[in-house]
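K.L.:
Structure incoming, see below.
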Amino acid sequence: PVTESFKVWGKCDMCKARIEKTVKVEGVANATWEEKTQLLTVTYDPSKTGKDALSKKLASVGHDTEKYKAPDDVYAKLPGCCHYERQK
């Protein structure tokens with residue numbers, strides 16, 4: 001297994017739950033998102049998934065990552081408490 005950390009923007013406990021649940025796909029052993037650092041640490045089997053695929057999945061549910069931006073309409077549908085400051 002490989003363990004990597006990357007930035008995923010979010011704001012609250014609801015974000016934490018959504019982010020961690022979204023990346024718990026086949027091949028992912030563990031996922032922890034820290035609100036303070038905005039870092040998601042994920043342990044996965046590189047033959048089943050990867051940072052790129054996980055980043056795309058997170059963007060599709062409304063969370064910007066280092067590499068992918070969530071579609072504006074998906075971000076807009078997040079609960080108000082989840083509206084993090086988006087990077088330009």
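K.L.:
In degrees between 0 and 90, to the nearest 10, how far off the longest principal axis of the chain does helix 13-23 point, with axes built from Cα atoms?
P.N.:
40 degrees
K.L.:
With +1 on the Cβ of every Lys and Arg and -1 on the Cβ of every Asp and Glu, and nothing else charged, how large is the dipole of the chain about its Cα centre, in debye rounded to the nearest 20? List each step's numbers first, then the result.
P.N.:
Numbers: 16 positive and 13 negative charges, 27 e Å.
That gives the chain a dipole magnitude of about 140 debye.
K.L.:
Using each residue's phi in the range 68-75, evaluate 6.51 cos²θ - 1.76 cosθ + 1.60 at θ = phi - 60° and report the 3J(HN,Hα) Karplus result to the nearest Hz, with x for Gly and Pro.
P.N.:
10, 9, 5, x, 4, 5, 6, 4
K.L.:
Still on this structure, I have one more. Helix 51-60: angle to the longest alpha-carbon principal axis of the chain, degrees 0 to 90, nearest 10?
P.N.:
Roughly 30 degrees, rounded to the nearest 10.
K.L.:
Turning to a different aspect of this structure: State the percentage of accessible surface on the range 9-88 attributable to carbon and sulfur atoms; use a 1.4 Å probe and exclude ligands, DNA and RNA.
P.N.:
So the carbon and sulfur contribution to the accessible surface is 53 percent.
K.L.:
How high is the relative contact order of the chain, given as a whole-number percent (alpha carbon pairs under 8 Å, six or more residues apart)?
P.N.:
Details: 142 pairs, mean separation 28.8, N = 88.
For the chain, the relative contact order is 33 percent.
K.L.:
Calculated from DSSP H runs of 4 or more alone, at -39500 (n - 2.57) each and per residue, what is the 222 nm mean residue ellipticity of the chain, nearest 500?
P.N.:
Numbers: 3 runs with 26 residues, N = 88.
Estimated from H runs of four or more residues: -8000 deg cm²/dmol.
K.L.:
At 1.4 Å probe radius, can you tell me the per residue accessible area of the range 14-62 in Å²? Each step should come with its number before you reach the end.
P.N.:
Working: 2580 Å² over 49 residues.
In whole numbers, the range 14-62 has 53 Å² accessible per residue.
K.L.:
What Kirkwood hydrodynamic radius, in Å, does the chain give when the mean of 1/r is taken over all pairs of distinct Cα atoms and then inverted?
P.N.:
12.8 Å
K.L.:
Whole-Hz Karplus ³J(HN,Hα) for the range 31-43, in order, using 6.51 cos²θ - 1.76 cosθ + 1.60 and θ = phi - 60°, x for Gly and Pro?
P.N.:
Computed from phi, the couplings for the range 31-43 are 8, 9, 10, 9, 4, 4, 9, 6, 9, 9, 10, 10, 10 Hz.
K.L.:
Leaving ligands, DNA and RNA out of it, work out the accessible area of Glu35 with a 1.4 Å probe and give it in Å² to the nearest 10.
P.N.:
It works out to around 90 Å².
K.L.:
Quick one: length gained pulling Leu39 to Lys7 fully straight, 0.36 nm per residue minus the C-alpha distance?
P.N.:
Details: separation 32, 0.36 × 32 = 11.52 nm, distance 0.46 nm.
In short, 11.1 nm is gained.
K.L.:
Under a Cβ-Cβ cut-off of 11 Å, what is the net charge of the residues other than Glu26 that fall near it, where Lys and Arg count +1 and Asp and Glu count -1?
P.N.:
Values: positive: Lys24, Lys48; negative: Asp45.
Summing Lys and Arg as +1 and Asp and Glu as -1 gives +1.
K.L.:
Shifting gears a bit: Might you work out the accessible area of Lys56 for me, using a 1.4 Å probe with all protein chains in place, and round it to the nearest 10 Å²?
P.N.:
110 Å²
K.L.:
Sticking with this one: Just for the Cα atoms in the range 49-88, what are the lengths along the principal axes, largest first, rounded to whole Å?
P.N.:
31, 18, 15
K.L.:
I've got another one for you. Considering amide H positions built from the backbone, and no H for Pro or chain starts, which residues 5 or more places from Val28, or on another chain, come under 5 Å of its amide H?
P.N.:
Asp45
The values are calculated or read from the model by the stated rules, or taken from the named source; none is laboratory data. Being a predicted model, the structure only gives us computed values, none of them experimental. We place every Cβ from the backbone using ideal geometry, glycine too, and count neighbours over all the protein chains shown. SASA here: full protein model, heavy atoms, side chains in, ligands and nucleic acids out. Shrake-Rupley method; radii C 1.70, N 1.55, O 1.52, S 1.80 Å.
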